[in-house]
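Read through the structure below, which is laid out as structure tokens, and then see the notes.
Values quoted throughout were computed directly from the atomic coordinates according to the rules given, and no laboratory measurement underlies them. All values derive from a computational prediction rather than experimental measurement. Please note: Cβ atoms are built from the backbone with ideal geometry, for glycine as well, and neighbour counts cover all protein chains shown.
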Amino acid sequence: MSAGRQDIDELADEYVLGLLDAADHVRIEAEIEADAALRTAVAASRDRFLALDLLAKPGAEPEGLWSRIAATLDEPKAEGLPEAADGVSHISVRPANDNSNAGWRRAALSGIAASLILAVGLGWSLLSQPQPRVVAVLLDNAGEPQAIVEDFGNASARVTPLVDFTVPDGRTMQVWTLPSKELGPVSLGLLPRSQEAVLDGPVLPQPQEAQLYEITIEQAGGSPTGRPTGPILVKGFAKMPR
């Protein structure tokens, strides 16, 4: 690749965060095999965004799924087999390498069941949650990811801290965005604690690629001026999921 260091790092971040479209994702996977610099950047990005993987929440399977799977794993009763005086059917023993052996069928069905549960969990998660218009990973001064902002473009945004922020007594965290230079920074709401929260902010223009998001420390109740006044904890620029 002829891209500069910054371009490679940004591309690696987009690849790891899943922000590339399908064609670009396939292309980058192919280039990783041959490009040592890109391979190193992807590995570093995966390490930095490891905290994002820890946020994944398991999806609950639909009611009755296990019983339906169990029913498919039950062996049907053999029919038409001779029975001895004790009432037990006599079945000829098949060779151990017989592909029709029940063990093979059970193993295959178990694999299908596991795949089904994973697909159901993922599908339920995707269908039950609205998708954000943009996602911003907020970094500290050292470039480490500290929080995620998902802006849904409907006056609500989900903020997920990745670390336990230290907030002095009598202070609070306030989340901001910069829709445009004309509007200036706008508060999305307060974040009293280091835990996931959905903020209902003002109605703003639809969020855009590279839109700035940041979290500052403000006095209790929020900034008295309606603009950021305290120190910036973290900031980052939005990316549009593709």
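A few comments on the model shown:
- Whole-Hz ³J(HN,Hα) from phi, Karplus 6.51 cos²θ - 1.76 cosθ + 1.60, for segment 192-197, glycine and proline x: x, 9, 7, 8, 4, 8
- Volume in Å³ per residue [convex hull over Cα atoms, computed for segment 134-239]: 91
- Gain in span if fully extended, Glu144 to Ser156, counting 0.36 nm per residue against the direct Cα distance: 1.8 nm
- One chain, two ends: Glu10 and Val163. Fully extended at 0.36 nm per residue, the span grows by 52.8 nm beyond their Cα-Cα distance.
- Maximal additional length on extending the Gln219-Ala44 stretch stands at 59.4 nm, based on 0.36 nm per residue less the C-alpha distance.
- Rounded FRET efficiency, nearest 0.05, which uses the C-beta distance separating Ile232 from Ala22 and R0 of 25 Å: 0.10
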